[in-house]
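> Next up is a structure, given as structure tokens.
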Amino acid sequence: MERKRMIQLPLWAGIVIMCLPILICTLYTYPVQDDFFNTWNVNMTMQEGHTAFGAALLMALKGWTNYSGYYFSLFLTYFSDALVQCDIGAIRCCQFVMALVFYASVFLFIRTMVVKVFRYEKEKSLPVIFLFFICITSLYYFGEHEDFLWFCASVIYLIPMIFIMLGVVCVVYGLETEKCWYMVPAVVFGFLAGGAVLNIAAWGCILYVMTAYWGIIVKRRIKQTIIMCVPMLIGGAINAVAPGNFVRKGGLGSGEIWLTAVGTIQYVWERMKLFLFQYPIFTAVLLALIILLLCIPIGEQKYKFYFPLLFTFMMFLEVCIVIYPVALGYGMDVYRMMDRSNFISDFVIFFDFFLTIFYWRGWLAVRCQKVCAKGRYRLALFTGMLILFAITTGWSLRNDRISCLRLYRELFCGEISSYAEWNVSVIEAIEKAAGEAGKGIIEISTNPMEDSTCLENPKFLYGYYDPEETFGNRSYAKFYGVDAVYIYNESAGGGLGK
């Protein structure tokens, strides 16, 4: 028992240390462009006599017909905006809770996959979870970590991801225990997650299909599996056939479907090479997972793990399918710059790498059941693994390639707090000026602060612009009920008409 604790405590501490900086950063968030615009939009609908829930439902329906198919995410963002009303304290509280629940859901999801699906002992799941958390917290540094630090992006992306993972967990436990009450959350989570943005909905549909395959082939519970998994596919289909899809882009050009498909495959290949060759910790993580699984004895397998090469190709194809609809809707060039979508596709890449390694280990166990490193061979493998981690960690530190440590540095050096305080001061200045002016045009002056952190850039437009022709600071103007908001660089001087 003591030996198990000595192994598990550092792993638990490591997971907490890796998640902590993003959780702290959520407490420095603030509303930006779309938060203000969406709140104004839903407020206009509420003024027609609708409740917050009714207004959000109505706007989600309108959005499905003329904006985009992600009905659940549209409802979530309008409903949350109607409740929060761009209040900074409420946003920070919500951001923290969403991030915390997301990490907890990832933990439970990976643990369920390892213990219930692949049949490893419960104690063996913690090292796997630790390795996965290295991938999602400590590899790639996003210039704007939108999924965690932009309110509307967190609502649109994190909540459906949480629903998908918890839904799959409920499906697995429902099939394992045969308890009917698991079916309700599995069905509800699945159908609602089908109405997420298309990349998340695509991943959810694929994951539910894979879980259904396991439920039918391995557990042999066809009826229960179909009942729990089909609603996810129905939700995804409602999303995919929405008349609002591709409206923002103005339709699809000739040959764009095939060009985007080729571009998506190329991008996935580039992204995988990026992690494998420019982030050596990722390679160390994969090798550590292989070593870990080779050192764990496996009993007789019910599933024979057929065609591992085909499975590997299917995992690559899954990432392409997740990226493709978003790239088709926005364009491949835009997708490359969308941090919020890249986080989702990166998450899927990491998960699929892990899944592929587990599948190959299962295949090896079926063919050569006695393959398991023991004694001095196990010691040699673990020693080599620790040396590799030491080398890759040292290289990554030298090249600033450990994102959670970079976040700690930004927090301790005050960069995060300074940039957040400046953004809040500008928002408060706009609010104060709008309150004094009532209507019309308001002007404020500030010294712009360079955005060098992972916090969301509010994208203020400086100087004079035509509010009828340029979006500019229109979202702030709409929310505060004025005709236009002009922000000037104080150090450069200037004002309206100058």
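> Farther than 17 Å from GLN33 by Cα, aliphatic (A, V, I, L, M) and buried (at least 16 other Cβ atoms within 10 Å of the Cβ): is that true of LEU411 in this structure?
On the way: farther than 17 Å from GLN33 by Cα: yes; aliphatic (A, V, I, L, M): yes; buried (at least 16 other Cβ atoms within 10 Å of the Cβ): yes.
Yes: the conditions hold for LEU411.
> Of the numbered conditions (1) over 26 Å from LEU293 (Cβ atoms); (2) surrounded by fewer than 23 Cβ atoms within 10 Å (Cβ to Cβ), TYR173 fails exactly one; give the number of that condition.
(1)
> Of all residues in region 394-423, how many are at pLDDT below 90 and either outside any helix (DSSP H, G or I) or β-branched (Val, Ile, Thr) (or both)?
Of the residues in that region, 3 qualify.
> Starting from region 281-308, take each residue that is open to solvent by less than 30 Å² (accessible area, probe 1.4 Å) and list its partners that are outside any helix (DSSP H, G or I) and among the acidic types (Asp, Glu), counting only C-beta distances under 9 angstrom and pairs at least six apart or across chains.
ILE296/GLU121
> If you don't mind, another one. Considering only region 1-56, state which residues are outside any helix (DSSP H, G or I) and closer than 30 Å to LEU131 by Cα. Walk me through how you get there before you give the answer.
First pass over region 1-56, keeping only residues outside any helix (DSSP H, G or I): 1, 29-32, 47-51.
Listed by number, the residues that qualify are MET1, THR29.
> Ok, one more. When you look at LEU158, is it open to solvent by less than 20 Å² (accessible area, probe 1.4 Å) and either over 30 Å from ALA284 (Cα atoms) or modelled with pLDDT of 95 or more (or both), yes or no? Give the steps one after another, and end with the answer.
On the way: open to solvent by less than 20 Å² (accessible area, probe 1.4 Å): yes; either over 30 Å from ALA284 (Cα atoms) or modelled with pLDDT of 95 or more (or both): yes.
Yes.
> Mind telling me which of the residues LYS370, LYS439, LYS374 ends up being closer than 29 Å to GLY89 by Cβ, of a type outside the set (A, V, I, L, M, F, W, C) and open to solvent by 60 Å² or more (accessible area, probe 1.4 Å)? Walk me through it before giving the result.
On the way: LYS370 fails: closer than 29 Å to GLY89 by Cβ; LYS374 fails: closer than 29 Å to GLY89 by Cβ.
None of the others qualify; the one that does is LYS439.
> While we're on this one: Would you confirm, using the coordinates I've provided, whether TRP269 is open to solvent by 40 Å² or more (accessible area, probe 1.4 Å) and modelled with pLDDT of 95 or more? So that I can check it myself, show each step before the final result.
Details: open to solvent by 40 Å² or more (accessible area, probe 1.4 Å): yes; modelled with pLDDT of 95 or more: yes.
Yes, satisfied.
> Which residue out of PHE382, PHE354 is in a helix (DSSP H, G or I), surrounded by 12 or more Cβ atoms within 10 Å (Cβ to Cβ) and under 28 Å from the mean Cα position of the chain (by Cα)? Spell out the reasoning first.
On the way: PHE382 fails: under 28 Å from the mean Cα position of the chain (by Cα).
The match here is PHE354.
> If you check ALA99 against the conditions, is it in a helix (DSSP H, G or I) and more than 19 Å from the chain's Cα centre (by Cα)? First the steps, then the outcome.
Details: in a helix (DSSP H, G or I): yes; more than 19 Å from the chain's Cα centre (by Cα): no.
It is false that ALA99 is in a helix (DSSP H, G or I) and more than 19 Å from the chain's Cα centre (by Cα).
> While we're here: Looking at region 24-41, can you tell me whether even one residue there is open to solvent by less than 60 Å² (accessible area, probe 1.4 Å), on the phi > 0 side of the Ramachandran plot and in contact with a helix residue (DSSP H, G or I) (Cβ under 6 Å, 6 or more places away or on another chain)?
Initial filter on region 24-41 (open to solvent by less than 60 Å² (accessible area, probe 1.4 Å)): 24-26, 29-33, 35-41.
Still in the list and also on the phi > 0 side of the Ramachandran plot: none.
The answer is no, given that none of the residues of region 24-41 is open to solvent by less than 60 Å² (accessible area, probe 1.4 Å), on the phi > 0 side of the Ramachandran plot and in contact with a helix residue (DSSP H, G or I) (Cβ under 6 Å, 6 or more places away or on another chain).
> On to the next question. Under the condition of being at pLDDT 95 or above and of a type in the set (Val, Ile, Thr), which residue from region 345-371 is farthest from SER73 (Cα to Cα)?
That would be ILE357.
> Look through TYR419, TYR465, TYR476 and report the one residue that is open to solvent by less than 50 Å² (accessible area, probe 1.4 Å) and free of Cβ contacts under 8 Å to residues at least 24 places away in the same chain. So that I can check it myself, show each step before the final result.
Details: TYR419 fails: free of Cβ contacts under 8 Å to residues at least 24 places away in the same chain; TYR476 fails: free of Cβ contacts under 8 Å to residues at least 24 places away in the same chain.
Every option except TYR465 fails the conditions.
The values are calculated or read from the model by the stated rules, or taken from the named source; none is laboratory data. All values reported here derive from a predicted model rather than from experimental measurement. So basically every Cβ, Gly included, is an ideal-geometry build from the backbone, and we count neighbours across all protein chains shown. Side chains are part of the model used for accessible areas, which takes the heavy atoms of the whole protein and leaves out ligands, DNA and RNA. Shrake-Rupley method; radii C 1.70, N 1.55, O 1.52, S 1.80 Å.
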